[in-house]
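Every number in this text was worked out from the coordinates using simple rules, so none of it is lab data. Since the structure is predicted, the reported quantities are computational estimates derived from the model, not experimental observations. Every residue, glycine among them, receives a Cβ derived from its backbone with ideal geometry; neighbour counts consider all protein chains shown.
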Amino acid sequence: MSFAVLLELATIVGYVIIVLGGKQSRDYGWKIICSMLAFVTIVQCAGMAIVANLFNNDARFQDGWKLDSSWILCTTSWCLALLIAIGIGVAAYILPEEGGYELIDGERD
């Protein structure tokens, strides 16, 4: 899960770089961000699966133990990461590309 947090931090830094970058960065950066968010989702789901397996099968977890707030936060985190990745990907295909500079009507030569 610590690895997933580092990946999320890298995704946020990449997102800031892409948004503050130029047009070319924004045109191609969404693919990187979507890929990183998908990888974050996979890592978090794998971590949840490991914890769930240990919770159900390991003797260290005694009766009365429960998965609490961190389980809910992890579930919320990977769901949001997946939804954001899908949203960015859909927006990149549906929305038109960012246009360049347009001349003002009176300024054409």
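So how do 50-59, 4-13 stack up, highest first, on mean other-Cβ count within 10 Å? Walk me through the numbers before you get to the answer.
Values: 50-59: 10.3, 4-13: 14.9.
Final packing ranking: 4-13, 50-59.
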If each part is reduced to its alpha-carbon centroid, the stretch 73-87 and the stretch 1-26 end up apart, in Å, by 15
Helix-only [θ] at 222 nm, the chain, -39500 (n - 2.57) per DSSP H run of 4+, per residue, nearest 500, equals -26000 deg cm²/dmol
If packing is taken as the average count of other Cβ atoms within 10 Å, what order do 78-88, 32-42 fall into, highest mean first?
32-42, 78-88
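Residue separation times 0.36 nm, minus the C-alpha to C-alpha distance between I94 and S25: what's the value? If you can, show how the numbers build up before the last one.
Working: separation 69, 0.36 × 69 = 24.84 nm, distance 1.83 nm.
Separation in residues times 0.36 nm, less the Cα-Cα distance, equals 23.0 nm.
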Kindly provide the trypsin sites (Lys or Arg not before Pro) of the stretch 1-104 that DSSP labels as loop, not H, G, I, E or B, and whose Cβ sees at most 15 other Cβ atoms within 10 Å.
R60, K66
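What shape does the chain take by its C-alpha gyration tensor, where a ≥ b ≥ c are the square roots of the eigenvalues and a/c under 1.5 counts as rounded, a/b above b/c as prolate, and the rest as oblate?
Working: a/c = 4.43, a/b = 3.70, b/c = 1.20.
Prolate is the answer for the chain, as a/c is 1.5 or above and a/b outweighs b/c.
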Just want the answer: with Cβ charges of +1 for Lys and Arg and -1 for Asp and Glu, which residue in L82, P96, V19 is farthest toward the dipole's positive end in the chain?
L82
